[in-house]
């Protein structure tokens, strides 16, 4: 039986690749996409989510709009990385797939109440606003979540939006703090992993050569955001952050990490949004997350290429 998941997302080119990977994988049943404000404002992320669904041909998957701002802060966005639309790199038509009328947070709540307890995994690959808001509104659903597999945070790689903080956590640290304290089993894909998941020119051209439209779309997105990361980090490719979450669900043996305690800094003068990861287990605090630290890069990119080749 396929694993039921809800993807909470702020697309984002790497979000798009993660969504395509999930939709191409029969082991996963994507119950819906919930957009959140993050890489770009909500008015763009919900449109981008619908564009990706139409690109994939999986118009059976509904798209919902969630929260348009963090719980307690002004929204910070990342057009400098993802472009004005959030999906710069290729042109996609205005989507005809309708946005669902129901608020995305209500969809999360209703789905977790409807499905058997412990049968739905949440996959947030943007700020954690929608998840925290759902837990606030309906505390009864917390115990019903199978696990949360998220992209966010950093320890050895430190920050990519401030010296201490990774973008997804920094945008809404209060939401992240509530989710990390919720007691739901967490699997965390920090920059420590995703900065090892670097594209190569050979892989990008292999994606471009795939038949259909999805492989070339991935190549076009990669061409766009690669220019930012190669200039910033001096690397030969760009990190595919968000697909690591879906890849873990499909092949967890591609990754290595530790069960550790992770706390979210919300008050620091210089460190707001930092994931205080007790990698060396010196705090005495109980573990609350599987915090990944390494990835089989070649295995990951082979998985992405072979799965997306199945899409139109």
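The values are calculated or read from the model by the stated rules, or taken from the named source; none is laboratory data. This is a predicted model, so every value here is computed, not measured. A quick note on method: Cβ atoms are made from the backbone with ideal geometry, for glycine too, and the neighbour counts reach across all protein chains shown.
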## Note on the structure
residue 58 meets each of (1) out of contact with any helix residue (DSSP H, G or I) (no Cβ under 7 Å at 6 or more places or on another chain); (2) closer than 17 Å to residue 99 by Cβ; (3) touching a residue at least 24 places away in the same chain (Cβ under 8 Å) with one exception, condition (1)
### Summary
Flagged in segment 60-101 as farther than 27 Å from residue 239 by Cβ and loosely packed, with under 14 Cβ neighbours inside 10 Å, in numbering order, are 60, 72, 93, 94, 96, 98, 101
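Take the conditions in contact with a strand residue (DSSP E or B) (Cβ under 6 Å, 6 or more places away or on another chain), on the phi < 0 side of the Ramachandran plot and surrounded by fewer than 15 Cβ atoms within 10 Å (Cβ to Cβ) and apply them to residue 259. Does it pass? Talk me through it step by step, then tell me what you get.
Values: in contact with a strand residue (DSSP E or B) (Cβ under 6 Å, 6 or more places away or on another chain): yes; on the phi < 0 side of the Ramachandran plot: yes; surrounded by fewer than 15 Cβ atoms within 10 Å (Cβ to Cβ): yes.
So residue 259 fits the description; yes.
Look through 174, 166 and report the one residue that is surrounded by 24 or more Cβ atoms within 10 Å (Cβ to Cβ) and modelled with pLDDT of 95 or more. Working first, answer last.
Working: 174 fails: surrounded by 24 or more Cβ atoms within 10 Å (Cβ to Cβ).
Result: 166 is the single residue among 174, 166 that is surrounded by 24 or more Cβ atoms within 10 Å (Cβ to Cβ) and modelled with pLDDT of 95 or more.
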### Task
For segment 15-37, enumerate the residues that are closer than 20 Å to residue 90 by Cα and out of contact with any strand residue (DSSP E or B) (no Cβ under 8 Å at 6 or more places or on another chain).
16, 17, 20, 21
### Message
What's the total number of residues in segment 16-55 that are outside any strand (DSSP E or B), in contact with a helix residue (DSSP H, G or I) (Cβ under 9 Å, 6 or more places away or on another chain) and more than 19 Å from residue 133 (Cβ to Cβ)?
### Response
17
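Condition check: in contact (Cβ under 8 Å) with a residue 12 or more places away in the chain, touching a helix residue (DSSP H, G or I) at 6+ places or on another chain (Cβ under 7 Å) and in a loop (DSSP other than H, G, I, E, B). Does residue 266 satisfy that? Working first, answer last.
Numbers: in contact (Cβ under 8 Å) with a residue 12 or more places away in the chain: yes; touching a helix residue (DSSP H, G or I) at 6+ places or on another chain (Cβ under 7 Å): yes; in a loop (DSSP other than H, G, I, E, B): yes.
The answer is yes for residue 266.
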### Summary
Checked 145, 120 against criteria (under 21 Å from residue 20 (Cα atoms), crowded, with 22+ Cβ neighbours inside 10 Å and touching a strand residue (DSSP E or B) at 6+ places or on another chain (Cβ under 8 Å)); the one match is 120
#### Entry: Unmet requirement for residue 226, which otherwise passes all of (1) modelled with pLDDT of 95 or more; (2) closer than 27 Å to residue 90 by Cβ
(1)
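When you check residue 11 against the structure, is it touching a strand residue (DSSP E or B) at 6+ places or on another chain (Cβ under 9 Å), more than 21 Å from residue 136 (Cβ to Cβ), assigned to a loop (DSSP other than H, G, I, E, B) and touching a residue at least 60 places away in the same chain (Cβ under 8 Å), yes or no? Please lay out each step first, then the result.
Details: touching a strand residue (DSSP E or B) at 6+ places or on another chain (Cβ under 9 Å): yes; more than 21 Å from residue 136 (Cβ to Cβ): yes; assigned to a loop (DSSP other than H, G, I, E, B): yes; touching a residue at least 60 places away in the same chain (Cβ under 8 Å): yes.
Yes, satisfied.
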### segment 106-158: number of residues that are under 19 Å from the mean Cα position of the chain (by Cα) and under 18 Å from residue 180 (Cα atoms)
28
#### Entry: Evaluation of residue 237 against (1) modelled with pLDDT of 95 or more; (2) more than 18 Å from residue 161 (Cβ to Cβ) (one fails), failing number
(1)
### Hits in segment 58-82 - residues which are within 24 Å of residue 218 (Cα to Cα) and in a loop (DSSP other than H, G, I, E, B)
58, 59, 60, 61, 62, 77, 78
### Message
Looking at residue 207 and the list (1) over 20 Å from the mean Cα position of the chain (by Cα); (2) exposed (fewer than 15 other Cβ atoms within 10 Å of the Cβ); (3) modelled with pLDDT of 95 or more, which single condition is not satisfied?
### Response
(2)
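Are there any helices (runs of 4 or more DSSP H) wholly within segment 91-186 with 1 or more residues that are without any contact (Cβ under 8 Å) to a residue 60 or more places away in the chain, and if so which?
Values: elements: 104-114, 129-137, 167-171, 173-180.
Here the list reads 104-114, 129-137, 173-180.
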